[in-house]
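Visitor: Here it is: the structure, laid out below.
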Amino acid sequence: MFEPRRRPAEPDLEHGYLDLLGAEKARGSAAQRLMRSRAVPLIYQRYWRPVAGRFLMGLTGPSTEEEHRIALAMLSISPGDRVLDLACGPGNFTRDFALASGDGLVVGVDSSETMLAVAVRDNPMGNAAYLRGDARDLPFRDGSFDAVCCFAALYLIEEPMRALAEIVRVLAPGGRLALMSSCNRGPVPTAAANALVRGLSGVRVFGRDELTQALELKGMSEVERRVTGLAQFVSARKAARP
Ligand SMILES: C[S@@+](CC[C@H](N)C(=O)[O-])C[C@H]1O[C@@H](n2cnc3c(N)ncnc32)[C@H](O)[C@@H]1O
């Protein structure tokens, strides 16, 4: 799956995941620093994610369990599929994808060493591999994956449109995409909401149509969006080869 020039000559697997970033110290916002801290990954799956999800989705929005069902429905993973869980955190969704893909392969990619340490410890699966890399510069060949999920992360990633372009690139023709990110519900215009929220926390607020339009411009088909609270779920399919 690796682009030949990105295949590591001497893979660093010391911590149970393949580390492509090494000692590189990523700079980042307050939110990014929390994701790289020691404490947050330890409480992420059980406490942090359900609370943050409730805040984002609203009181009547989907629970964490429902989010897992939504991801699986949007990705329609079949046994044998190759699945990318981009910005996988502690592997909380990676586990479900590994169960659904049977004799396929799931790759969880994240830039945080501490998140991946928890993924390796808490969500090891025989058909899942974890990799430390940057969503903006994926090491995979074009069309490597039948399904790509990126939940609760595009709003943290610097240059999210670059990550989106990488997602589309590594999807195989006919491949499915599932995103969950932030959504501006107004009345404050997105630019102003962003200036405030991003300035304070590092979390980007996407305009209602920003992600769907970007995907359509990239030639994705069946682009659909569901807005709940301050979040949006977006699904799409990469056009099959003619
Ligand atoms: C809130 S967690 C999401 C985990 C999981 N996908 C979920 O929905 O619960 C966001 C993750 O994005 C990762 N992340 C942020 N920027 C990244 C980048 N440029 N490349 C890869 N991962 C990144 C963080 O390290 C963090 O683990």
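Visitor: Here are some residues: ARG95, ARG136. Which one is of a type outside the set (A, V, I, L, M, F, W, C), under 12 Å from the mean Cα position of the chain (by Cα) and either more than 9 Å from the ligand (Cβ to nearest atom) or surrounded by fewer than 18 Cβ atoms within 10 Å (Cβ to Cβ) (or both)? Full working, then the answer.
Guide: Working: ARG95 fails: under 12 Å from the mean Cα position of the chain (by Cα).
After applying the criteria, what remains is ARG136.
Visitor: Next question, about the same structure. Being basic (Lys, Arg) and either more than 10 Å from the ligand (Cβ to nearest atom) or buried (at least 20 other Cβ atoms within 10 Å of the Cβ) (or both) is the requirement here; does ARG36 meet it? Before the answer, list the steps.
Guide: Values: basic (Lys, Arg): yes; either more than 10 Å from the ligand (Cβ to nearest atom) or buried (at least 20 other Cβ atoms within 10 Å of the Cβ) (or both): no.
So ARG36 fails the test.
Visitor: Looking for something in contact with a Pro (Cβ under 8 Å, 6 or more places away or on another chain) and surrounded by 24 or more Cβ atoms within 10 Å (Cβ to Cβ) - is there at least one such residue anywhere in the range 117-130?
Guide: Taking the range 117-130 first, the residues in contact with a Pro (Cβ under 8 Å, 6 or more places away or on another chain) are 117-119, 122-123.
In the following step, the residues that additionally are surrounded by 24 or more Cβ atoms within 10 Å (Cβ to Cβ) were identified as 119.
Checking the range 117-130: at least one residue is in contact with a Pro (Cβ under 8 Å, 6 or more places away or on another chain) and surrounded by 24 or more Cβ atoms within 10 Å (Cβ to Cβ).
So that you can scan it fast, the table gives a plain yes or no per residue for (1) without any contact (Cβ under 8 Å) to a residue 12 or more places away in the chain; (2) within 14 Å of the ligand (Cβ to nearest atom); (3) closer than 28 Å to ARG185 by Cβ:
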{"position": "LEU42", "(1), (2), (3)": "no, yes, no"}
{"position": "ALA52", "(1), (2), (3)": "no, yes, yes"}
{"position": "HIS68", "(1), (2), (3)": "no, yes, yes"}
{"position": "ALA73", "(1), (2), (3)": "yes, no, yes"}
{"position": "GLY89", "(1), (2), (3)": "no, yes, yes"}
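Visitor: Could you name every one of the strands (runs of 3 or more DSSP E) located completely within the range 143-238 that has at least 3 residues being within 16 Å of the ligand (Cβ to nearest atom) and within 14 Å of the chain's Cα centre (by Cα)?
Guide: On the way: elements: 145-151, 171-182, 220-228, 231-238.
Qualifying strands (runs of 3 or more DSSP E): 145-151, 171-182, 231-238.
Visitor: Please list, ordered by first then second residue, the pairs with beta carbon atoms under 7 Å, 6 or more apart or interchain, first in the range 112-125 and aliphatic (A, V, I, L, M), second in a loop (DSSP other than H, G, I, E, B) and within 9 Å of the ligand (Cβ to nearest atom).
Guide: MET115/GLY89; MET115/PRO90; VAL118/PRO90; ALA119/CYS88; ALA119/PRO90; ALA119/GLY91
The numbers here are math on the coordinates, done by the rules we state, and not lab data. Note that the structure is a prediction, hence the values are computed from the model and not measured. Neighbour counts run over all protein chains shown; Cβ positions are idealised from the backbone, glycine included.
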